[in-house]
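Notes to accompany the following structure.
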């Protein structure tokens with residue numbers, strides 16, 4: 001069975017934490033293994049061609065059109081949003097203490113400004129959704 005989950009949300013929402021808890025292979029551009037966007041893109045292209053895959057792909061995906069493009073690229077079986085209030089995300093980003101904090105904080109505001117929910121992508125609650133037969137997150 002192929003399971004490729006696209007998790008989208010603003011910086012600091014908890015996408016990486018959720019993805020790591022899945023037990024699936026995680027594709028996160030923020031991982032040090034990906035030195036360039038083109039290298040990451042090539043890995044996603046490869047994932048999209050895999051007949052059998054168990055993976056989580058993390059992308060910002062603020063707009064439904066962006067989520068659709070990423071979902072098509074990786075042939076996602078599920079698309080879910082990881083959402084927290086901007087204040088919660090900002091507090092998490094500050095707690096990380098990374099060098100890119102100012103840029104990331106600005107990214108939270110940009111994400112929420114651009115966000116649309118035209119695709120009605122479900123909110124991530126838990127990984128049990130992958131085991132439910134009537135999964136509303138399933139891409140058809």
Task: Choice from 56, 79, 125 showing the highest fluctuation, given a GNM over the chain with Cα pairs closer than 10 Å - done: 125
- [ ] On a 0 to 90° scale, report how tilted helix 86-96 is relative to the longest principal axis of the chain, with both axes built from alpha carbons and the result rounded to the nearest 10.
- [x] 80 degrees
Open item on the list: I need two numbers for the stretch 81-122: Rg to one decimal and Dmax as a whole number, Cα atoms only, in Å.
Closed with: 11.6, 34
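Could you list 111, 127 in order of exposure, starting from the residue whose Cβ has the fewest other Cβ atoms within 10 Å? Show your work: numbers first, answer last.
Values: 111 21, 127 16.
Final ranking by Cβ density, sparse to dense: 127, 111.
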Open item on the list: Taking the 0 to 90 degree range and rounding to the nearest ten, how far is the long axis of helix 101-114 tilted relative to the main principal axis of the chain, both from C-alpha atoms?
Closed with: 60 degrees
Task: In degrees, nearest ten, helix 64-74 long axis to first principal axis of the chain (Cα) - done: 50 degrees
- [ ] Mind checking the full-extension length gain between residue 45 and residue 128? Use 0.36 nm per residue of separation minus the Cα-Cα distance, one decimal, nm.
- [x] 27.2 nm
TODO: May I ask you to list the residues of the stretch 24-38 whose amide nitrogen lies under 12 Å from a point 7 Å from Cα along the Cα→beta-carbon direction of residue 17?
DONE: none
- [ ] State the extension gain, in nm to one decimal, for the chain segment bounded by residue 99 and residue 86, taking 0.36 nm per residue of separation less the distance between their alpha-carbons.
- [x] 2.7 nm
Open item on the list: If neighbour count is taken as other Cβ atoms inside 10 Å, put 25, 84, 37 in order from fewest to most.
Closed with: 37, 25, 84
Task: Share antiparallel - DSSP beta bridges, the chain, percent rounded to 5 - done: 5 percent
- [ ] Give me the distance in nm between label points sitting 7 Å out from Cα along the Cα-to-Cβ direction at residue 35 and residue 54, one decimal.
- [x] 3.1 nm
Task: Sequence-separation-based contact order of the chain, relative, with Cα cut under 8 Å and 6+ spacing, percent - done: 35 percent
Open item on the list: Show me, bin by bin at 10 Å from 0, the whole-percent P(r) of the chain based on Cα pairs.
Closed with: 12, 43, 36, 9, 0
Task: Potential extension, residue 69-residue 117 segment - 0.36 nm per residue separation minus Cα distance - done: 15.8 nm
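All of the numbers you see were taken from the coordinates with simple rules; none came from a lab. Keep in mind that this is a model prediction, so the values were computed, not measured. Note that we place each Cβ from the backbone using ideal geometry, even for glycine, and neighbour counts take in every protein chain shown.
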